[in-house]
1. I'd like to check something: does the stretch 243-250 contain any residue that is at positive phi, more than 13 Å from the ligand (Cβ to nearest atom) and not in a helix (DSSP H, G or I)?
2. When the stretch 145-162 is examined, which residues are found to be out of contact with any strand residue (DSSP E or B) (no Cβ under 6 Å at 6 or more places or on another chain) and part of a helix (DSSP H, G or I)?
3. For the stretch 1-96, which helices (runs of 4 or more DSSP H) that fit wholly inside it have 2 or more residues that are touching a helix residue (DSSP H, G or I) at 6+ places or on another chain (Cβ under 8 Å) and surrounded by fewer than 17 Cβ atoms within 10 Å (Cβ to Cβ)?
4. Taking the stretch 251-263 as the region of interest, how many residues are within 16 Å of the ligand (Cβ to nearest atom) and farther than 17 Å from residue 121 by Cα?
5. Tell me, yes or no, whether the stretch 267-274 has at least one residue that is closer than 20 Å to residue 291 by Cα, touching a helix residue (DSSP H, G or I) at 6+ places or on another chain (Cβ under 8 Å) and surrounded by 15 or more Cβ atoms within 10 Å (Cβ to Cβ).
6. Suppose we filter 85, 106 for residues that are closer than 19 Å to residue 13 by Cα and at pLDDT 95 or above; which single one remains?
Ligand code: ACO
């Protein structure tokens, strides 16, 4: 077993999912696709879509409040509030500041991190570092997305994949022996164009023509992303386990980023983890980018799939490209 001694513990989680369900059948009426194609190629059956006017900060704040109440931590005791999102409510200021205001985390410093679907794991590691350095006692880490706001609903290659939602976790400095055992991260900016929103930033400011071409929405080369994702998540998982002094056999549960069931099956195979140990909820939510892992962790904790002592491996990949893996002992 491991010789690594964690100093930061994941104390509680929460999630917030919009009520509206968009099924594959519904999508059949919107683009040329079929329930069968979507299920076979992705494993997704339905996804949640935020009601008009629902903000990333609304979903994030609700998930955060649930996590705080489960941890019995009053919001004023949060020292560090970190949000990962690819769908900020405004470019300026950060959406984490809106969440801070909504939850009343008046003593926290707040910031956004953008690492696409890997953002939650990146932020967990930042929170871990801040806490281990003594920058505070309690961190609130949130992944929140309104992906429906940046999707081209006429592009069948992308619109069937994504959904909206948020998850949150409370982390504390700890001497319990439980917590984050190891991390591994990487990025490859040479592959940035595989998944991007080409317009709307400094490089290509929004103008009428770019709006008509829908260059402000998600563009994706699905097949290339697929291959890169499997390699990145499997390799990163192996490195994180090695750093923790563990092997795939020590893993009780894998809680990966939820993008596509075929990506999960291939990743699990390369990582040496049987599919029975891989938590899957993408059939119900699709890809919620940085919200997938905290939502999945929350469901696993609620269902008792993670017990005291469980070794949990999370792995993620996303636009950037970015990727990472984290090993916890609960
Ligand atoms: N319904 C029906 N047919 C479709 C659909 C659809 N929704 N979408 C694409 N097709 C068609 C294509 O047009 C193509 O037709 P053609 O052969 O006549 O040209 C055919 O299906 C095959 O298309 P591929 O793209 O080759 O299909 P593939 O098996 O690769 O599956 C998919 C596509 C599901 C997108 C897959 O590549 C994938 O999941 N990639 C990873 C995407 C991903 O996870 N992105 C998120 C990254 S994380 C982040 O940061 C947000």
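1. Filtering the stretch 243-250 for residues at positive phi gives 245.
Restricting the remaining residues to those that are more than 13 Å from the ligand (Cβ to nearest atom) gives 245.
Adding the requirement that they be not in a helix (DSSP H, G or I) leaves 245.
So far as the stretch 243-250 goes, yes, one or more of its residues are at positive phi, more than 13 Å from the ligand (Cβ to nearest atom) and not in a helix (DSSP H, G or I).
2. Result: 148, 149, 156, 157, 159.
3. Numbers: elements: 24-28, 35-42, 56-71.
The qualifying helices (runs of 4 or more DSSP H) are 24-28, 35-42.
4. 4
5. Quick first cut of the stretch 267-274, residues closer than 20 Å to residue 291 by Cα only: 267.
Now narrow it down to the ones that are touching a helix residue (DSSP H, G or I) at 6+ places or on another chain (Cβ under 8 Å): 267.
From what's left, surrounded by 15 or more Cβ atoms within 10 Å (Cβ to Cβ): 267.
Scanning the stretch 267-274, I find at least one residue that is closer than 20 Å to residue 291 by Cα, touching a helix residue (DSSP H, G or I) at 6+ places or on another chain (Cβ under 8 Å) and surrounded by 15 or more Cβ atoms within 10 Å (Cβ to Cβ), so the answer is yes.
6. Details: 106 fails: closer than 19 Å to residue 13 by Cα.
Every option except 85 fails the conditions.
One line per residue, one yes/no per condition, for (1) in a loop (DSSP other than H, G, I, E, B); (2) surrounded by 21 or more Cβ atoms within 10 Å (Cβ to Cβ):
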site	(1), (2)
284	no, no
292	no, yes
298	no, yes
304	yes, no
307	yes, no
316	no, yes
320	yes, yes
325	no, yes
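The values are calculated or read from the model by the stated rules, or taken from the named source; none is laboratory data. No experiment lies behind these values; they were computed from the predicted model shown. When we count neighbours, we look across all protein chains shown, and the Cβ atoms used for this are built from the backbone with ideal geometry, even at glycine.
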